[in-house]
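Remarks on the structure that follows.
Just so it is clear, none of the values below were taken in a lab; they were calculated from the coordinates. This is a predicted model, so every value here is computed, not measured. Glycine gets a Cβ as well: all are built from the backbone with ideal geometry, and neighbour counts include every protein chain shown.
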Amino acid sequence: MAKILSSLITLMLLFCAVSSARASQDLHSSLQRQMFLQTESPKGLYETVKVFKQEVAGAGWSILNMNNMAEILSEKGYTISPVLIFDVCSGKYSARILAKDEYRFVTPLMPCRVSIYQTSEGKVVIARLDPEGFGPLLSGELAEIMMQSSMEMEDIIEKTISRLNGIKPEC
């Protein structure tokens with residue numbers, strides 16, 4: 001009887017642990033889907049970066065900085081697949097946000113950050129924040145500015161992927 005009771009308790013604990021882990025994984029997966037967007041590129045890293053930079057410039061945006069995380073970490077003795085993080089800015093949106101003290105709390109999200117990375121399987125991915133994930137936290141003009149900015153960035157990424165697929169973007 002003691003063995004049965006012990007087995008029953010062990011099974012209950014195991015069930016609780018698995019349920020908790022599954023709930024945590026579901027929450028993590030849900031949060032990832034809500035806060036981040038990822039688009040797989042049909043081409044390699046070099047070509048994807050080249051076309052992305054061209055589309056950024058063509059849209060009137062600027063790349064303020066690029067961090068090559070694989071290079072930075074290799075100097076510390078780590079080896080990772082390529083990860084390039086771009087600080088991308090549109091003056092027309094940045095100026096509107098920075099002009100008002102009450103909007104400056106969003107400056108940690110500035111400039112827009114876009115990463116282009118290569119997975120260990122060789123896939124190239126363009127990742128960025130999803131404005132719809134944090135948009136409900138903002139209101140009024142600030143929410144409008146952030147959404148307009150994000151929609152332009154999505155257009156830049158869409159044009160990048162279309163060009164990489166050999167499709168001419170519609171004007």
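A few points about this structure:
- Multiplying each eigenvalue of the alpha-carbon gyration tensor of segment 36-164 by 5 and taking the square root yields semi-axes of 27, 17, 13 Å, largest first, rounded to whole angstroms.
- The phi torsions of segment 124-129, fed into the Karplus equation with coefficients 6.51, -1.76 and 1.60 and a -60° offset, translate into couplings of 10, 10, 9, 10, 6, 5 Hz, rounded to whole numbers, with Gly and Pro shown as x.
- In segment 36-164, taking the dipole from charged Cβ atoms about the Cα centre, the farthest positive-side position among ILE126, ALA57, VAL114 is held by ALA57.
- Hz values of 3J(HN,Hα) by residue in segment 82-87 - Karplus curve (6.51, -1.76, 1.60), Gly and Pro given as x: x, 9, 10, 10, 9, 9
- Each of PHE134, PHE86, PHE105 has some number of other Cβ atoms within 10 Å of its Cβ, and from fewest to most they run PHE105, PHE134, PHE86.
- Neighbour counting of Cβ atoms within 10 Å sorts the residues SER115, SER74, fewest neighbours leading, into SER74, SER115.
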